[in-house]
């Protein structure tokens with residue numbers, strides 16, 4: 001009898017206002033950065049039907065909404081370009097106040113270990129970088145490693161200001177990128193790091209995007225089990241990306257590919273699917289920039305260079321861009337210690353393309369087209385101003401093949417920022433490739449000092 005009375009009392013109390021609390025996902029907290037000059041969605045949970053009032057210090061408007069019958073609410077806030085710390089007050093039956101909020105540029109960075117790699121893990125000039133990291137206009141949010149079979153609503157992490165103590169354990173590439181952006185734009189920068197070393201692209205992609213495609217399903221089945229992370233489609237996406245979907249971001253930086261060398265032939269489609277699926281979840285075609293993996297000794301195969309070529313081909317998607325790392329890698333260390341240059345290259349590309357800054361060294365030369373002229377092949381590159389071959393590594397890395405598909409080394413010459421190649425052993429060229437090897441380091445550069453990508457093309 002007593003037990004029944006207690007249950008009835010608890011049921012009645014559940015309907016009283018005092019037992020419901022407005023709550024927010026972890027991504028909305030003190031010290032966060034919200035995307036400036038944008039319509040920004042804020043969401044959370046409350047009692048069904050509970051009226052939610054939101055005020056901010058950057059305007060005098062009060063925003064009002066109600067929690068749905070699923071106990072979820074959301075609202076769109078219009079953010080200006082205001083500088084200085086702001087506050088957001090969310091009031092229902094209780095009140096939540098977000099303090100020290102900045103309005104600036106928000107970037108999501110993701111991938112595997114080279115993106116996750118921190119100054120504390122060992123980078124070039126680490127002590128100097130750590131010592132100079134105090135900057136209250138740069139904020140970090142690190143997503144904790146989690147997996148889930150289904151899409152999650154929240155994740156683990158919290159916003160912090162950039163200090164020597166917080167920076168040394170944050171993504172080094174992301175930090176150098178954010179530092180350059182903050183200096184050039186003179187606005188706050190928020191960096192959300194959701195990365196996990198040793199993980200394949202499939203784990204970062206919604207599972208249905210992989211399993212609904214027979215070819216991608218076949219490719220995913222080729223991935224080996226490893227002790228340091230999951231391989232199954234969707235497991236990381238569900239817990240480390242899906243809870244962020246809808247958050248207003250300026251764009252994404254990505255550095256991954258090394259863990260897909262076991263199914264390299266599938267990477268172009270897999271990576272393209274990842275990008276498109278993220279944009280679908282956000283309902284926005286945001287910019288997506290990525291690093292081409294550096295040359296590394298993957299063994300007696302073409303897996304590494306096949307990934308590099310696949311990454312080049314993904315540039316066919318709109319609003320994508322790729323930075324080169326072949327000249328700053330280490331063929332015997334999959335984690336090159338130079339994280340400053342990739343960060344700066346990301347920043348230069350973003351400053352040029354997203355923020356329309358006059359950046360001279362934003363683009364590396366990329367294969368554009370090839371024309372067959374008898375035994376010769378005339379190759380045209382984009383961003384080819386000042387195209388030249390590195391004198392310290394001047395041997396030709398170009399090869400041509402005829403109808404039999406057998407490649408032979410080609411002699412190379414330059415004329416009017418075009419490269420002309422030919423081989424005495426190939427009368428009718430049908431295919432051409434460049435820097436085609438896992439450890440091949442590009443020797444073709446443009447005037448900006450950036451290297452050309454490996455490529456394989458049919459003629």
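The values are calculated or read from the model by the stated rules, or taken from the named source; none is laboratory data. Everything numeric in this text was worked out from a predicted model, so none of it was measured. Neighbour counts run over all protein chains shown; Cβ positions are idealised from the backbone, glycine included.
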Exercise for review: Sort out which residues of the range 382-421 are within 21 Å of residue 458 (Cβ to Cβ), surrounded by fewer than 19 Cβ atoms within 10 Å (Cβ to Cβ) and in contact (Cβ under 8 Å) with a residue 40 or more places away in the chain, and write them in order of number.
Suggested key: 418, 420
Practice item. For the range 202-225, indicate whether the set of residues that are touching a residue at least 60 places away in the same chain (Cβ under 8 Å), closer than 26 Å to residue 159 by Cβ and part of a helix (DSSP H, G or I) is non-empty. Key: yes
Check your understanding: Out of all the residues in the range 428-436, is one or more out of contact with any strand residue (DSSP E or B) (no Cβ under 6 Å at 6 or more places or on another chain), buried (at least 19 other Cβ atoms within 10 Å of the Cβ), modelled with pLDDT of 95 or more and within 25 Å of residue 304 (Cα to Cα)?
Key -> yes
Review point. Residue check, residue 180 against (1) more than 20 Å from residue 43 (Cβ to Cβ); (2) surrounded by fewer than 20 Cβ atoms within 10 Å (Cβ to Cβ), all met but one. Which one?
Key: (2)
Check your understanding: Scanning for something exposed (fewer than 12 other Cβ atoms within 10 Å of the Cβ), closer than 23 Å to residue 442 by Cα and at pLDDT 95 or above, does the range 369-376 turn up at least one residue?
Key -> yes
Practice item. Go through (1) outside any helix (DSSP H, G or I); (2) assigned by TED's automatic domain parsing to the domain that holds residue 341; (3) farther than 21 Å from residue 165 by Cβ and name the single condition residue 114 misses. Key: (1)
Exercise for review: Being over 17 Å from residue 256 (Cα atoms) and either crowded, with 24+ Cβ neighbours inside 10 Å or in the same structural domain as residue 83 (by TED's automatic domain parsing) (or both) is the filter here, so list the residues in the range 183-209 that pass it.
Suggested key: 188, 189, 190, 191
**Study point:** Criterion violated by residue 193 - all others in (1) assigned to a helix (DSSP H, G or I); (2) under 20 Å from residue 111 (Cα atoms) satisfied
**Key:** (1)
Exercise for review: For the range 155-173, name all the residues that are in contact with a helix residue (DSSP H, G or I) (Cβ under 7 Å, 6 or more places away or on another chain), assigned to a loop (DSSP other than H, G, I, E, B) and buried (at least 17 other Cβ atoms within 10 Å of the Cβ).
Suggested key: 155, 168
Revision key, fill the gap. Counting only residues that are surrounded by fewer than 17 Cβ atoms within 10 Å (Cβ to Cβ), touching a helix residue (DSSP H, G or I) at 6+ places or on another chain (Cβ under 8 Å) and over 16 Å from residue 118 (Cβ atoms), the range 331-357 contains a total of 2
Exercise for review: Exactly one condition in (1) farther than 30 Å from residue 33 by Cα; (2) modelled with pLDDT of 95 or more is not met by residue 290; state its number.
Suggested key: (1)
Point to revise | Verdict on residue 285 being surrounded by fewer than 22 Cβ atoms within 10 Å (Cβ to Cβ) and within 20 Å of residue 443 (Cβ to Cβ) | key: no
